[in-house]
Amino acid sequence: MPIWLKQTPAGIVLNLHCQPGAKLTKVVGLHDGCLKISLQAPALENRANEMLLSWLSKQLRVPQKQIQLLSGQNSRVKRVEIWGPITPEQIAEALSP
């Protein structure tokens, strides 16, 4: 399993480093033990966080209500929890850079 992904009793936790204000929303690679994702939305009024959760929902084919921002509301380093019928392997494959 990748270093940025952790299975917990509640679900699967992703450690992400998000870079708002990019031209495209995409996985960039690894950064300091986190999966780095560039986000098209600006870091204003929670728009980047909303875009991140929406984008993850589409990439992983998981309803957005099954994805929760655990920490990093106002930071580039974020922890996101996902629960539902998806495995860590499926997440790693869907988000491989």
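Tallying residues that are surrounded by fewer than 20 Cβ atoms within 10 Å (Cβ to Cβ) and either closer than 12 Å to residue 72 by Cβ or touching a helix residue (DSSP H, G or I) at 6+ places or on another chain (Cβ under 9 Å) (or both) within region 35-45 yields 3. Is region 2-13 home to any residue that is closer than 15 Å to residue 69 by Cβ, touching a Lys or Arg at 6+ places or on another chain (Cβ under 9 Å) and in a loop (DSSP other than H, G, I, E, B)? No, region 2-13 contains no residue that is closer than 15 Å to residue 69 by Cβ, touching a Lys or Arg at 6+ places or on another chain (Cβ under 9 Å) and in a loop (DSSP other than H, G, I, E, B).
In region 7-45, the residue that is nearest to residue 82 (Cα to Cα) out of those that are without any contact (Cβ under 8 Å) to a residue 12 or more places away in the chain and not hydrophobic (A, V, I, L, M, F, W, C) is 9.
Read-outs throughout are calculated quantities, based only on the coordinates presented, and are distinct from any laboratory measurement. Please read all numbers here as calculations on a predicted model, not as lab measurements. Here Cβ is always computed from backbone atoms with ideal geometry, including for glycine, and neighbour counts include all displayed protein chains.
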